[in-house]
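Following: one structure in structure tokens, then a few remarks.
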Amino acid sequence: MYAMWRLQVALCTLSLLSLSSGGESKARSCSEVRQAYNAKGFSLVNVPHQEISGEHLRVCPQGYTCCTSEMEDKLSQQSKLEFENLVEESSHNMRTTFVSRHKKFDEFFLELLDNSEKSLNSMFTRTYGKLYMQNSEVFQDLFTELKRYYTGGNVNLEEMLNDFWSRLLERMFQLLNSQYHFTDDYLECASKYTDQLKPFGDVPRKLKAQVTRAFIAARTFVQGLMVGREVANRVAKVNVVPACARALTKMLYCPYCRGLPGLKPCHNYCHNVMRGCLANQADLDPEWNLFIDAMLLVADRLEGPFNIETVIEPIDIKISEAIMTMQENSMQVSAKVFQGCGQPKPSGIGRSARGITDVFNARFRPYTPEERPTTAAGTSLDRLRVVWRTMQHSVIDIKEKLKESRRFWSNLPDDICAKGKLTESDDEQCWNSHAKGRYFPEVVKEGLTNQVTNPEVDVDITRPDTLIRQQIMALRVMTNKLKNAYNGNDIYFQDSSDEGSTSGSGSGCSDGCTTEFVFVGTEAPVIGADRSDERAAAAAAGKSLSRGPSLLLVMAALTLPLWAMQTHWR
């Protein structure tokens, strides 16, 4: 009997010790959680000092917890904010590259155009004097149209250049035959003989080849940088859907509720969460990579083996030589025109004593390198060489940056979940979604369709993100334009002055300027594209990607003050 009584006492004692131990576990301190929670900037009002029952929790495990419902809601908002910041920070360098390089290249090309126009105006004013000034609008209109083309205007380069030479022929024809009176109809008839008679020699053909190739590449490349910038900026602003928000909260802050605020998530666990939350971004990657490859192709056109020493003739001299060729062949040209368009009526005014011939015989002689003057912008030969080398290095630099951005969007979860930064390096001492320990599920592949088996994020694979799909289309349109530009083929660009339209823009747009891809509101871009891009791209696919001299060099040849290319596109 005594033995039985002692056994009962022992059992009661063990029971009391067990209850005492259980009570201590329920009363575990939340001091570390309070400290970490307060460090996030949250108030400690109504934050428990000891663990409480967790039946009220909707995301985190419902055991004994340090979190109230209000705390869980605030931590959920905090996890969403931190995720958005992580994506922004991870993409910062890549996005900055597109912003800075777009600005640099755009300013460079526009400066070349401005300096070239100032140079030609200065040189021709000194050479031809009043004769040039009376006809300077022909040349001013040439540069106006070149700038309008580069900055996104609906300009057909070949037609514009043909029009320039036709207008120059009309002016020259009148000056060289000033003893006759010509009506507008007669001059229009005379201009039709430009191609047949080649009054300016081979200069128009060479310049047309150089200008079209150079400007197509320059405009399209800078526009590509702009599109890359816009797409990257928009995709980096992630849309956090409710399923993703729950998964982020569970991964980042449920350790707080379990009294383990310093515990980082397991590496593979983080990967599953991020691949679920960034599934649509990963789907952008294939089109992004094609876009980057096309940008690299056009960058090859802007680079090249030639340098400034190979450029010996200014554009001023090229046009002046064309004028001299017209003057030297004026009799044969006039005779052919008279024969085809009829004998004009005398004006009653004879040639001047000095004569137009004397004016044109003051041939604009090429300068030696020692004699070349500085331009109105103060750019000397030495400065041009520095600028040229800087641009060559810039092309090499942007190519390296572009290569680094390949597969950026599919690699984004890897960048965010880097061990030691967001996740725990020790696979045994990490948060596995419900406790401290190893995470066993496998990591799913990237992309929307692969998320059907994601154990952490309930992704609706039947509803792709609209914004991402629109960025994919924007990249596809730009990639087609880049491929055509590499082949020297121009693409139709809507003029920004057309009512209700969108326009392509090679340059940076100031306030009020529209661009090829007009992004409205905060949702998604409206893409101004037509099927002609796809048809043009299909046609270009059948052509060989022939190599030629550097397009940036040709661009410089046609626009750098006082210089022009001796070589030309074959």
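The values are calculated or read from the model by the stated rules, or taken from the named source; none is laboratory data. Since the model is a prediction, treat every value here as computed from it, not as a measurement. All Cβ positions, glycine included, derive from the backbone under ideal geometry; neighbour counts span all protein chains shown. These accessible areas exclude ligands, DNA and RNA; they are computed on the full protein's heavy atoms, side chains included. Shrake-Rupley method; radii C 1.70, N 1.55, O 1.52, S 1.80 Å.
Structure above, values below:
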{"quantity": "Accessible surface of Met94 - all protein chains present, 1.4 Å probe, nearest 10 Å²", "calculated": "20 Å²"}
{"quantity": "Whole-Hz couplings from phi, Karplus 6.51/-1.76/1.60, listed for segment 64-77; x for Gly and Pro", "calculated": "5, 9, 9, 10, 8, 4, 5, 5, 4, 5, 5, 5, 5, 5"}
{"quantity": "Table column - 3J(HN,Hα) (Hz), segment 177-191, Karplus curve with 6.51, -1.76, 1.60, x for Gly and Pro", "calculated": "10, 5, 7, 10, 9, 10, 7, 4, 5, 5, 5, 5, 5, 5, 5"}
{"quantity": "Accessible surface of Leu176 - all protein chains present, 1.4 Å probe, nearest 10 Å²", "calculated": "10 Å²"}
{"quantity": "Violating pairs (Cα-Cα greater than 21 angstrom) within the set Lys80/Lys421; Lys401/Lys445; Lys237/Lys399; Lys198/Lys318; Lys206/Lys483", "calculated": "Lys401/Lys445; Lys237/Lys399; Lys206/Lys483"}
{"quantity": "Built amide H within the under 5 Å cut-off of Tyr180, gap 5+", "calculated": "Ser347"}
{"quantity": "Portion, in percent, of the accessible area of segment 82-194 that falls on carbon or sulfur, probe 1.4 Å", "calculated": "46 percent"}
{"quantity": "Accessible-area value, Ser43, 1.4 Å probe, nucleic acids and ligands omitted, Å²", "calculated": "60 Å²"}
{"quantity": "Solvent exposure ordering (accessible area, 1.4 Å, most first) of Asp427, Asp465", "calculated": "Asp427, Asp465"}
{"quantity": "Distance between modelled label sites at Thr453 and Glu88, nm, 7 Å Cα→Cβ extension", "calculated": "3.6 nm"}
{"quantity": "Largest to smallest accessible area among Leu290, Leu44, Leu120 [probe 1.4 Å]", "calculated": "Leu290, Leu44, Leu120"}
{"quantity": "Hz values of 3J(HN,Hα) by residue in segment 120-135 - Karplus curve (6.51, -1.76, 1.60), Gly and Pro given as x", "calculated": "4, 4, 5, 5, 6, 5, 5, 7, 10, x, 4, 4, 6, 4, 5, 10"}
{"quantity": "Amide hydrogen neighbours beyond the local backbone of Cys30, cut-off 5 Å, H modeled", "calculated": "Gln50, Glu51"}
{"quantity": "Ranked order, Ser31, Ser410 - accessible area, probe 1.4 Å, largest first", "calculated": "Ser31, Ser410"}
{"quantity": "Rounded if a/c under 1.5, otherwise prolate or oblate - segment 31-115, Cα gyration tensor axes", "calculated": "prolate"}
{"quantity": "FRET efficiency, 1/(1 + (r/R0)^6) with R0 56 Å, evaluated for Ser100 and Leu44 via beta carbons", "calculated": "0.80"}
{"quantity": "FRET efficiency estimate (nearest 0.05) - Cβ-Cβ, Arg463 to Glu159, R0 51 angstrom", "calculated": "0.65"}
{"quantity": "Probe 1.4 Å, protein heavy atoms only - accessible area per residue of segment 171-297 in square angstrom", "calculated": "32 Å²"}
